[in-house]
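The values are calculated or read from the model by the stated rules, or taken from the named source; none is laboratory data. No experiment lies behind these values; they were computed from the predicted model shown. Cβ: placed from backbone, ideal geometry, glycine included. Neighbour counts: every protein chain shown. These accessible areas exclude ligands, DNA and RNA; they are computed on the full protein's heavy atoms, side chains included. Shrake-Rupley method; radii C 1.70, N 1.55, O 1.52, S 1.80 Å.
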Amino acid sequence: MMHQPNLHTLFNPKGIAVIGASTHPGKFGFVALHNILASGFDGNIFATNPKMPEILGIQTLKSVDRIPKDSIDVAMICLGPKQTIAVLPELAEKGVKAGFVVSGGFRESGAEGVELEHELVQVANSLGITIAGPNGQGFVSTPANLCSQIVSPYPPTGNISIASQSGNILSAMLNLSRAKNIGIARAISIGNQAQLGVADYIRYFGTDSETKVVVAYVEGLPNGRDFYDSLKEVSNRKPVIVIRGGTTSDGAKAASSHTGSMASDQKIFETAVLQAGGILANDPNEAFEFATAFATKPLPVGRKVIVVTTAGGWGVITADAISRSKLELLELPKDLEEQINKYLPPRWSKSNPVDLAGGETRDTIPTLIPLVLGHPQVDSMIFLGLGIQGNVARTYIESPVATTETKKMANFHISQEKRYAEAIMQASKDFDKPVFVATEIGITDSLNAGPKALIDMGEACFSSPSIAIRALEAMTNFSDREHKG
Amino acid sequence: MNSLTEFESKRLLSKFGLISCNESTAKNYEEAAAAALEIGYPIVLKISGEGTEHKSELGGVKLGINNQDELSVAFDEILVSNSEVSEFLICEHIEGKREFIAGYHIDKDFGPTIMFGLGGIFAEAISDASFRLLPCSREELLRMVYELKSSALLNEFRSEPDVDLEALADTLEAIAKCGLADPLIEAIDVNPIVISGDLPVAVDALVIKS
């Protein structure tokens, strides 16, 4: 099958041409060229425009036949539907293996569009060209420093790859990637799936060495079984997180059998994803939180969680959420309790959640984190309360009645927050166990030294214990499957 | 659409290993009485043959018939609302507190699927069912069974023993194999499966062909 090697070319081109480049910053053909130039792609870059203007310092070519043969293998096609089909043979002649078709006006637009889409696929097949789209917003490949899309943003480098049937949902996840500093490997708006289905992208991400975590947003499936098979193949090696759009409209439907009447689209879709070993997410935000966890943390080997908190109420909420999940709130081992006793005054909780109850001094948290995480019964940890000292620091810094002492204290708080974040990540690395930090302060004040230190390290800072627990649960389920084989 | 009768459906599924109740067909009262003696009372009398898929709604099912006199009365009652019926089914009466349903269905996106769910009088209100795409392993079928919210019913329940899970897996495998064996089979409903002692017994079944 030509598509898999051609997809590799699409995401790792030696040269790319924007076909139909525009001089107008509001047009697709301009934005695409701009983003390719701005992202620092260091392969060959060409652009065509019949009037041969200079755009962003690039001398455009009058037509495709002016592009040097074999200088490009990928085309970003920003032409109308008929011109797109007409240009394919010339592109093949130049050595193009894969093209992204931005234009709408195909299947989504009615009967004539359906015909055009058939023709597009036929022509592409006959030339051995792989077509992504049509009717999509483009693609991103950070290992190639390539942002070939007609929208924003360009995300940081990382190991999450996304195929999305909606361009906007893709942009939303790329926005989250930027805000959280959790990077992307490949991302593509798959459009009408004319020639390639979402399954083809999932398979490519499965074999792609730059991809550790796969995310797919799916509305309709041209071939459900193929999607299921692709999930099954890839889920053996990598987590595949699936978001489904358009599940709520169908309730029970007319069916000749009782069984058929119970088999709602949503139920069968969810069955297929889970049976294949995939991971279901409710929405793009949740999907990205899950992806973040998988991308940055070691897999837990079991279900036993310990909660360490400097914030009593959040500890209670977290314990409740764990009891509702399939995770297990570890009963605090006696030997661990005795060890913790050495570092805290007697008022600490002496149970899980380990609530420090304000008894901590300068070195307590950096000492306790590895002590607790290293205990052989602990599979994973949730840490609550990061940023509380940073909050005080902010108040002191903004204070109209600041003194030398408050300023000094603010600096101490800030350096402590950073120490805590570093101690957490170091312990996680040392013991190869995941630690989930959950704090609303990551959102309310992303400059707070605690959350900021995590974000700067490219580590996850979850906005609430409940989302951290769902992500941990997803990782634990995946890890369980891995161990079962 | 071209459904098999209940009798034909159960015979077909039995070839694949479905455990179903003892039963035989009869053309008239005399044959029914003879069949009832053979099976042993109590029995269930049902209308059979073409156009009887919704026999309960047609008043075509009489449960818990304990002797020949009751059979005679039940037979007359059934004929009042089903005078054109020319075939009857005499089935062993299966007693059990727990009922489940199972079935096969070809999904438009994902192809063949199997279902297992809670049956009985609360089934529609509670709607507790899980699915798997087919083919799948026996272990996967049992995972499907344990996904039910009401899976605790598979354990010892009101002095009835644990359900024989191997027998239940056999039943589900029979449904899966039967559906997959014939591309013309569009759907299968096995409803109810009554747990008799520890054994799941198919009391009614319907195979729908396109």
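Every residue in region A:27-57 that is surrounded by fewer than 17 Cβ atoms within 10 Å (Cβ to Cβ), hydrophobic (A, V, I, L, M, F, W, C) and at negative phi, please.
The one that is surrounded by fewer than 17 Cβ atoms within 10 Å (Cβ to Cβ), hydrophobic (A, V, I, L, M, F, W, C) and at negative phi: A:A38.
Suppose the filter is closer than 26 Å to A:G113 by Cα, in contact with a Ser or Thr (Cβ under 9 Å, 6 or more places away or on another chain) and either open to solvent by less than 10 Å² (accessible area, probe 1.4 Å) or within 14 Å of another protein chain (Cβ to nearest Cβ) (or both); does A:L174 pass it? Even if it seems obvious, please write down each step before you answer.
Numbers: closer than 26 Å to A:G113 by Cα: no; in contact with a Ser or Thr (Cβ under 9 Å, 6 or more places away or on another chain): yes; either open to solvent by less than 10 Å² (accessible area, probe 1.4 Å) or within 14 Å of another protein chain (Cβ to nearest Cβ) (or both): yes.
In short, no.
Inside region A:344-403, can you point out the residues that are of a type in the set (G, A, S) and on the phi < 0 side of the Ramachandran plot?
Of everything in region A:344-403, those that are of a type in the set (G, A, S) and on the phi < 0 side of the Ramachandran plot turn out to be A:S349, A:S351, A:G359, A:G374, A:S380, A:G390, A:A393, A:S399, A:A402.
Select, from A:E289, A:E328, A:E270, the only residue that is acidic (D, E) and surrounded by 23 or more Cβ atoms within 10 Å (Cβ to Cβ).
Checking each option against the conditions leaves just A:E289.
Mind listing just one residue for me: the one in region A:143-164 that is hydroxyl-bearing (S, T, Y) and open to solvent by less than 10 Å² (accessible area, probe 1.4 Å) and, of those, nearest to A:Y204 (Cα to Cα)?
A:S161
B:I78 - would you say it is open to solvent by less than 50 Å² (accessible area, probe 1.4 Å) and modelled with pLDDT of 95 or more?
Judged against the criteria, B:I78 is not a match.
Determine which member of the set B:E70, B:E124, B:E147 is under 26 Å from B:I195 (Cβ atoms), within 14 Å of another protein chain (Cβ to nearest Cβ) and free of Cβ contacts under 8 Å to residues at least 12 places away in the same chain.
One residue alone meets the criteria, B:E124.
For region B:193-205, which residues satisfy the criterion of being touching an Asp or Glu at 6+ places or on another chain (Cβ under 9 Å), part of a strand (DSSP E or B) and buried (at least 23 other Cβ atoms within 10 Å of the Cβ)?
Of everything in region B:193-205, those that are touching an Asp or Glu at 6+ places or on another chain (Cβ under 9 Å), part of a strand (DSSP E or B) and buried (at least 23 other Cβ atoms within 10 Å of the Cβ) turn out to be B:I193, B:I195, B:P200, B:A205.
I'd like the residue in region B:30-63 that is under 24 Å from B:I208 (Cβ atoms) and of a type in the set (G, A, S) and, out of all such residues, is surrounded by the fewest Cβ atoms within 10 Å (Cβ to Cβ).
Checked region B:30-63; the qualifying residue surrounded by the fewest Cβ atoms within 10 Å (Cβ to Cβ) is B:S56.
Look through region A:212-227, keep the residues that are of a type outside the set (A, V, I, L, M) and open to solvent by less than 10 Å² (accessible area, probe 1.4 Å), and return whichever of them is farthest from A:G183 (Cα to Cα).
Taking the candidates together, the pick is A:G224.
Checking the structure you have, find out if any residue of region A:227-250 is in contact with an Asp or Glu (Cβ under 6 Å, 6 or more places away or on another chain) and within 10 Å of chain B (Cβ to nearest Cβ). Steps first, answer last, please.
Quick first cut of region A:227-250, residues in contact with an Asp or Glu (Cβ under 6 Å, 6 or more places away or on another chain) only: A:245-246, A:250.
Narrowing further to those that are within 10 Å of chain B (Cβ to nearest Cβ): none.
No, because not a single residue in region A:227-250 is in contact with an Asp or Glu (Cβ under 6 Å, 6 or more places away or on another chain) and within 10 Å of chain B (Cβ to nearest Cβ).
Scan region B:88-121 for residues that are in a loop (DSSP other than H, G, I, E, B), more than 7 Å from chain A (Cβ to nearest Cβ) and of a type outside the set (V, I, T) and jot them down.
B:H93, B:E95, B:G96, B:K97, B:K108, B:G119, B:G120, listed by residue number.
Name the single residue that is most open to solvent (accessible area, probe 1.4 Å) among those in region A:101-113 being in contact with a helix residue (DSSP H, G or I) (Cβ under 7 Å, 6 or more places away or on another chain) and not aliphatic (A, V, I, L, M).
Result: A:R107.
Which residue pairs have Cβ atoms closer than 7 Å, lie 6 or more positions apart in sequence or on different chains, and pair a first residue in region A:270-281 that is within 12 Å of chain B (Cβ to nearest Cβ) with a second residue that is of a type in the set (S, T, N, Q) and part of a helix (DSSP H, G or I)?
Pairs found: A:A276/A:S235; A:G277/A:S235.
Look at B:F16 and say whether it is touching a residue at least 24 places away in the same chain (Cβ under 8 Å) and touching a Leu at 6+ places or on another chain (Cβ under 7 Å).
no
Filter region A:177-187 down to the residues that are touching a strand residue (DSSP E or B) at 6+ places or on another chain (Cβ under 7 Å) and surrounded by fewer than 24 Cβ atoms within 10 Å (Cβ to Cβ) and list them by number.
A:G183
Residue by residue through region B:127-144, note down the ones that are free of Cβ contacts under 8 Å to residues at least 24 places away in the same chain and under 13 Å from B:L172 (Cβ atoms).
B:S130, B:F131, B:R132, B:S137, B:E139, B:E140, B:R143
Residues in region A:114-136 that are open to solvent by 40 Å² or more (accessible area, probe 1.4 Å) and in contact with a strand residue (DSSP E or B) (Cβ under 8 Å, 6 or more places away or on another chain): how many?
Total satisfying the criteria: 1.
Tell me which residues, restricted to region B:177-192, are open to solvent by less than 10 Å² (accessible area, probe 1.4 Å) and in a helix (DSSP H, G or I).
Correct list: B:C178, B:G179.
When you scan region B:161-172, do you find a residue that is open to solvent by 20 Å² or more (accessible area, probe 1.4 Å) and closer than 21 Å to B:L12 by Cα, even just one?
Applying the first criterion (open to solvent by 20 Å² or more (accessible area, probe 1.4 Å)) to region B:161-172 yields B:161-162, B:164-166, B:170.
Next, only the ones that are closer than 21 Å to B:L12 by Cα stay: B:166, B:170.
For region B:161-172, residues open to solvent by 20 Å² or more (accessible area, probe 1.4 Å) and closer than 21 Å to B:L12 by Cα: present.
Considering only residues of region A:348-406 that are of a type in the set (S, T, N, Q) and touching a residue at least 24 places away in the same chain (Cβ under 8 Å), which is nearest to A:A293 (Cα to Cα)?
A:S380
Can you find a residue that is hydrophobic (A, V, I, L, M, F, W, C), under 26 Å from the mean Cα position of the chain (by Cα) and open to solvent by 60 Å² or more (accessible area, probe 1.4 Å) anywhere in region A:87-98?
Step one: filter region A:87-98 for residues hydrophobic (A, V, I, L, M, F, W, C), giving A:87-88, A:91-92, A:96, A:98.
Subset that is under 26 Å from the mean Cα position of the chain (by Cα): A:98.
Filter once more, so that each one left must be open to solvent by 60 Å² or more (accessible area, probe 1.4 Å): none.
No.
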